[in-house]
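One structure is given below, encoded as structure tokens.
The values are calculated or read from the model by the stated rules, or taken from the named source; none is laboratory data. Quick caveat: nothing in here was measured; it's all calculated off a predicted structure. Reconstructed Cβ throughout: ideal geometry from the backbone, glycine too, with neighbour counts over all protein chains shown. Note: areas computed on protein heavy atoms with side chains; ligands, DNA, RNA excluded. Shrake-Rupley method; radii C 1.70, N 1.55, O 1.52, S 1.80 Å.
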Amino acid sequence: MKLSDRLRRPVDFRPTALPALNQLSSAAQRILSRWPDTVVEPPEQDRERIVREVALRLRDNDWTGASMSQVTSAAIALYDLERRDRDDLAHVRKFYCDEIASSNRATFLNAMFAVFIGSYVPNARHTVELAESLNSARERICGRWAPFIRSIPECLDAQNAHEAIAARMAAMEQPWDQLRELGLRSPHAPGVMDYVHLSFIAHSSAKLHERASIDRFLNWLQPSGQHARVTGAAEAISALLKPWQKLVPLHDDRHELIRRLTTMYGDPRVRSENAIWSGVPSELTAVMERWLTGENIRFFLDVVSAVERSHMWEPRKRFWLGLHEQNRIDAAWVAFSAEAIERANERTGDGEFLRFGRQAARGTRDKTSLLILKVGNKIVIEGSHDYKVHVFRDDDPLAPKLYQESYNCEAIRFLPGSWAQTHNGDWQGRVLERI
């Protein structure tokens, strides 16, 4: 007798009133949304024990008291990274594969297809064994996975399943939603989707200079209401930035890339936020940092223009923007006063993704905001409200550092080794000579 038959339970056939079909469908969708996988994930500390329990039951041919959920949960542990290649468990894996080949239980077959999807490694021994068994049971797999298998028959190819799924995704307008409609409830889950993601990047790369392709790809990385994909994120960021090593994006396209990438993965310049960015090649990170430099300068100038009423501000704005447009400014960071922070947060969107520091001095300098620039081998400090331009050598250990959380404009004024210039006369010419 097959294991699936041993685990059958008596059925109570007393008639009951059926709920309305639309209510039943809605309830099913809510359950699937909250618990997307039919297999219970066992805790790490329990995995060895539950696999050993199945091995003992198999040895003794005793399945008394065993439930299908226990057997399928053990399958997850059996095929996880720690156990799927262990020779001492080969007979247990063979047992599962034999059960797949002979079982008619939809619950078991669906659970084992989910295990295949979650443990997939191209051409790995365990993947090949599961694929062979599931292929023999293909016509008996029904329920949530049936549409997926019908739509992508190659999904049970032990070597190329990920390529087949990625190719199908490449033709989808909304890959995340459309994969879910086919039964793949967690398109960012590990296993086959890690390899699908990398293949999808390859399929998408040629068109990632086009706005429609950019938007589709970004929506795959972070669908509405979901967390951003982490595995393979560095490769995805690299693909999005690579076209712009040679091309110049439209302002709106650049702004959207900056907004979405920094919202999902942080600012590559900020040490506490650059874990994923550390996997992006430096020449591509430089593209993003160049864009952020321009955004920071414009952000600072726009916000300070809204709070600085002096007629002397406009020439300063033109000067720094001009240097940026000449590619003279290598990096920029902002430290806003409390008043400017309020104004910055009023700006729809910008305050949500552009990082900045705070200017901490109080008293007569509580309204001063700072723009910290790297220009060649110099660190330049520009400030609002009649603050002088201060210039330091970047190898000066006392020079202010970029990307700090807090700056005190009064303390900077008294640092030794700086050159300072008021905004009088030909101040622009004197600053240019100094930098």
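Projecting each Cα onto the charge dipole of segment 311-386 (Lys/Arg +1, Asp/Glu -1 at the beta carbon, about the Cα centre), which of Asn345, Val380, Ser369 comes out farthest on the positive side? Working it through, the farthest residue towards the positive pole turns out to be Val380. For the chain, the share of accessible area belonging to carbon and sulfur comes to 51 percent (1.4 Å probe, ligands and nucleic acids excluded). Given only helices, namely DSSP H runs of n ≥ 4 each adding -39500 (n - 2.57), what is the per-residue ellipticity at 222 nm of the chain, to the nearest 500 deg cm²/dmol? -15500 deg cm²/dmol, from helical runs alone. Averaging the Cα positions of each part gives two centres, and for segment 207-257 and segment 271-313 these lie 18 Å apart.
Summing Cβ point charges (Lys, Arg +1; Asp, Glu -1) relative to the Cα centre of segment 340-415 gives a dipole of roughly 160 debye.
A Cβ-based charge dipole, computed about the Cα centre of the chain with Lys and Arg at +1 and Asp and Glu at -1, lands at about 380 debye.
Annotation: per residue accessible area for segment 276-435 equals 47 Å², rounded to a whole number [probe 1.4 Å, protein chains only]. Going through [x] 25.2; [y] 28.5; [z] 21.3, the figure that equals mean projected area of the Cα convex hull in nm² as computed for the structure here is [y]. Take every pair of alpha-carbon atoms less than 8 Å apart whose residues are at least six positions apart; their mean separation over the length of the chain yields a relative contact order of 8 percent.
Filter the cross-link list Lys246/Lys378; Lys246/Lys374; Lys242/Lys378 down to pairs whose alpha-carbon distance in this structure exceeds 32 Å. Correct reply: none exceed it.
Dipole magnitude for segment 120-266: about 220 debye, using +1 per Lys or Arg Cβ and -1 per Asp or Glu Cβ, origin at the Cα centre. Within straight-line reach of Lys388, meaning a Cα separation under 17 Å, sit the following aspartates and glutamates at least 8 residues removed in sequence or on another chain: Glu308, Glu314, Asp366, Glu410, Asp426, Glu433. As a test, work out the antiparallel percent of DSSP beta bridges whose residues both lie in the chain, rounded to the nearest 5. Once the DSSP bridges in the chain are tallied, antiparallel ones form about 80 percent. Restricting attention to segment 271-409, close to 80% of DSSP beta bridges with both partner residues there are antiparallel.
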